[in-house]
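Down below is the structure, laid out as C-alpha cells.
What follows draws every value from the coordinates through simple rules; no lab data is involved. These numbers were taken from a predicted model, which means no experiment stands behind them. We place every Cβ from the backbone using ideal geometry, glycine too, and count neighbours over all the protein chains shown.
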Amino acid sequence: MLLVNTAAFAQIIDDTTKVIYGPHTVLKLYEQDVLRGNYTAEPLDTSLNNLHNERYWYNDTAFYQHLGNIGTAATPMLFQMPDKIGVRLGKNVFDRYAYDPHRINYFDTRSPYTHLKYVQGGLGEQVFEALHTRNINPRWNFGVAYQVLSANQQIGPAAQQRSTEDFLDNQAVKLFTHYRSENEKYDLFFNYTFMKVEQIETGGIDTTNRSVEEFERFEEAAVYLNQASNEESRNNLHLTQIYRLAKENLKVYHMLDYYRQRNEYVDDGIPQTLIGDTTESGQINGTSYLYPKFRYSTGRTSDATEYNELENTFGLTGNNRLSSYNAYVKLRNARISYSILDSIGTSNTIPDSVLATGNVFRTASTSGDYNQVFIGGDIRLFYKELAELTGSAEYQLAGDYRIKGTARLGGAYGTLERVLYSPSRVQRFMISNHFSWEDDRANIVIDRIGAGLHQKIGKRQHVKLDGYYTNAKRWIYFNEDAVPVQASGNQRFWGGSLAHKIFFGPVHFDNFVAYNNTDEANNILMPEWLVESKVYIQGPLFKNALFLQLGVQGNYASEYYGYGYMPVTQQFFVQDDFKVQGYPVAEVFLNADIKTVSVFLKMSHVNAELTEPVYFLTPYYPGLRRSFVFGLTWRFFD
C-alpha cells in the first residue's frame, strides 16, 4: 500500500486529476531506425513479461552457458553466425553484460524520466541499474545510466570461510545524447560506454583426489585456484551523423567508433600442487589443465592484452515507399599489445614477431598496426507488410567478406548466408606464462540456409518456427588442451526452433524448444534439446490498481559435452571428458505492477537436490542452489 501511495504522488496530474506524464510521454528510438527512415518513436515498454527471467536482466537475452552464477564468463549455447569480419581481438566472454553502442535506445521525453532496477538473490546475486534521461529542448535529449552486477563465491575455501566473499564485480556506465536540427535535416547520435569486470577464478572443482560424484556438499569442495582473477575493462565512443540532402531519397552519414579493451589474468599465489617437474631442456611442466607449462614464472602469473580500434564509416542511404538502400566505405585501424611477467629470465622464448622491453616486467607489443578497408551495403525491396526482398554484403579489400539474402512472403521467409572471415588475434597468437602459440591459420568459411514461419494465428496464438542447415569449412576451435586448432574436415549441423504462445482467458502458455543435430560437427558443442517453458495466470486486481502474473517456469538442456572454460586465455574449449547432465531447473514466480512500480518475487531452482545433489552448466562449475530472489523496477516520470 505504501508503494501504491508513493507511486501515485510521483505522477503529475492536472486539475481534472488526469495523469499528464507516464509511459506514453517517454518515447524511445534507435539509431538504425532513423538511418532507415523510420522516425516513429515507440512508447516505453512497461510489460511484466520476463521480469523474473535471468536472461532478461542483461543486454543480451540469448541462451548462454556460463560458470554457474550471474555475470560470469559466458558463451552462447546455440550457434551464432559471426557479425564482424576483419581484425578483432576474440575475447568475448563478458559481451552479453556490456552496453552495445550500436543498439542503445535513445529517448524523447516530455518530462525528466528516471528508472531504478534492482535484483537481489539469497545467495548474493545482485543486479542494479539506474537510468536518467531528459530533453534539454524538444529536439535534444541527454541521458546517463549506471549498472552493477555482483555475486558471491559458491565453491572453494573462500565460500566456506565467508559467505559474503565477492566472486564477481561488474560496473558499467553509458552516456548518450540525440540531437535533431530545427529543419529536421540533421541527426546526431552520440554515446560513450564503459565496463570494468573483475571475476575471481577458481578453475572449477578440483577432482585430483575425488571425483565429482563423491562430493556431497559442493559448496565445501576444493578448487584449483585460490588467488587468481580475470579483469577486463572496455571503453567505446560512438558517434553517428546523418544529413538529408534530398529528403529521404538521399542521405549522407558518418559513423565514428573508438574501442579499447584490456584483459589481464593474475594469479598472485600459484598453488605448489600445480607445479610439476623440470625437463632436461629447463621447461617447467604443470600438473593440471589450467597451467600446463610455466614459461616465465612459477611464483606469480600476470598476463595482459590490450586491443585498440578506430573505425570510420562514410555512407549514402535512402528510402521510399517501396525500397531502401545503403552503401558505405569503412576504414578500420587496430593495434594489439601484450605484456607478461618474467621472473626466471626466459625472455628468449618470446617469438621474434614480438618486441620485448624492460627487465622484470617485460612489455611486448605487436610489430605493427592493422589497417583495413571495407566496402559494403544493403538493399531492400518491399510491398507494405506483405512481401520483402533484402540483400546485404560487406567486403574487406583482399580479405574477408560476408553476404546474405532474404525473401519473405507474409510470415514465411527463406535466407541464404555466407561468411568468409579471418581467425581472431587470440586464435592466431598468444603469449602467456602458461600458453604460447603463433600460427597464421587459413580463413574460415560458413554457409547457412534458413527458413521459417512467424505467424499470428487468430487472437490467441503466436508461432515462430525456424530451421537451418550450416556448413563450416576450416573451422577453428580450442581443443581439449585449450589451444586453437583448425579442423581438417567440414563441420555440418542442422536444427530448428519453435516458439509458441497461447492464452485462454487469464491463463498463458509460453514455450520455446530448440533441436540441434551435431552428428557431423564434433567440434561445435550444443545440447540436442533446449527447452524453456512457462505457464502463468495474469490479470488485474483492486479495480486495476494492481496487475499480477503468477506462474511456474522450467528450463532444460539435454545431456551433452559442454564447453570447458580456460580462465588464463578467457576461452571456452571443446572437451569430451565431462558430460553435463540433462537437468530441469524449475522456478516459481510472482510479478506485479503497481502504478509505476514493477516487482517480482521468485523461488529459483525449487527442485534443488530432489533428484541429484547438484547440476552443472559448465564442466566443474556447479549451478546455483535454491535461492529466493526479489527484484523491482521503479519508474519516475517527472
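Summary of computed values
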| item | result |
| --- | --- |
| For the stretch 229-292: rounded, prolate or oblate by the Cα gyration tensor [a/c cutoff 1.5] | prolate |
| Ellipticity estimate at 222 nm from DSSP helix runs (n ≥ 4, -39,500 (n - 2.57)) divided over the chain, nearest 500 | -500 deg cm²/dmol |
| Amide proton proximity set for Asp638, modelled H, under 5 Å, gap of 5+ | Thr114 |
| Hits among lysines - C-alpha to C-alpha of Lys174 under 19 Å, sequence gap 8 or more where chains match | Lys28, Lys117, Lys196 |
| Two-decimal Rg to Rh for the chain - Kirkwood Rh, Cα set | 0.96 |
| Relative contact order, percent, the chain [alpha-carbon distance under 8 Å, six or more residues apart] | 12 |
| Label-point separation, Arg460 to Glu609 (7 Å along Cα→Cβ), nm | 4.2 |
| Percent of C-alpha pairs per 5 Å bin, the stretch 489-638, short to long | 2, 8, 13, 15, 15, 15, 12, 9, 6, 4, 2, 0, 0 |
| Under DSSP loop assignment and at most 13 Cβ neighbours within 10 Å, longest GluC sites (Glu not before Pro)-free interval of the chain | 1-181 |
| Other-chain or far-sequence residues with amide H under 5 Å of Asn152's (modelled H) | Glu125, Phe167 |
| Farthest toward positive dipole pole in the chain [+1 Lys/Arg, -1 Asp/Glu at C-beta], among Leu35, Leu149, His102 | Leu35 |
| Phi-based couplings in Hz for the stretch 262-277 (Karplus 6.51, -1.76, 1.60; Gly and Pro marked x) | 10, 10, 9, 10, 10, 10, 7, x, 5, x, 4, 5, 8, 9, x, 8 |
| Point-to-point label distance, His24-Leu541, nm (Cα→Cβ direction, 7 Å offset) | 2.7 |
| Gain in span if fully extended, Leu498 to Leu590, counting 0.36 nm per residue against the direct Cα distance | 30.6 nm |
| Eligible aspartates and glutamates near Lys247 by straight Cα distance, threshold 18 Å, same-chain separation 8 or greater | Glu31, Asp33, Glu182, Glu184, Asp187 |
| Length added when fully stretched, Ala398-Gln120, from 0.36 nm per residue minus Cα-Cα | 95.0 nm |
| R0 of 45 Å, Cβ-Cβ distance Ala130-Ser558: FRET efficiency to nearest 0.05 | 0.70 |
| Table column - 3J(HN,Hα) (Hz), the stretch 336-342, Karplus curve with 6.51, -1.76, 1.60, x for Gly and Pro | 10, 9, 10, 9, 9, 9, 10 |
| Cα-centre dipole for the stretch 2-636 with unit charges at Cβ (Lys and Arg positive, Asp and Glu negative), debye to 20 | 2700 |
| Estimated distance in nm for a label pair at Arg441 and Leu239, the labels positioned 7 Å out from Cα along Cα-to-Cβ | 3.7 |
| Charge dipole (the chain, unit charges on Cβ, about Cα centre) - positive-most of Gln396, Asn209, Asn433 | Gln396 |
| Cut-off 19 Å, label 7 Å out along Cα→Cβ of Phe630, residues of the stretch 115-136 by amide N | 116-130 |
| When each of Lys464/Lys501; Lys464/Lys534; Lys185/Lys384; Lys501/Lys543; Lys84/Lys251; Lys456/Lys501 is checked by Cα-Cα distance, pairs over 18 Å | Lys185/Lys384; Lys501/Lys543; Lys84/Lys251 |
| Under-5 Å amide H pairs with Phe573, H placed in peptide plane, nonlocal only | Gly564, Tyr565, Met566 |
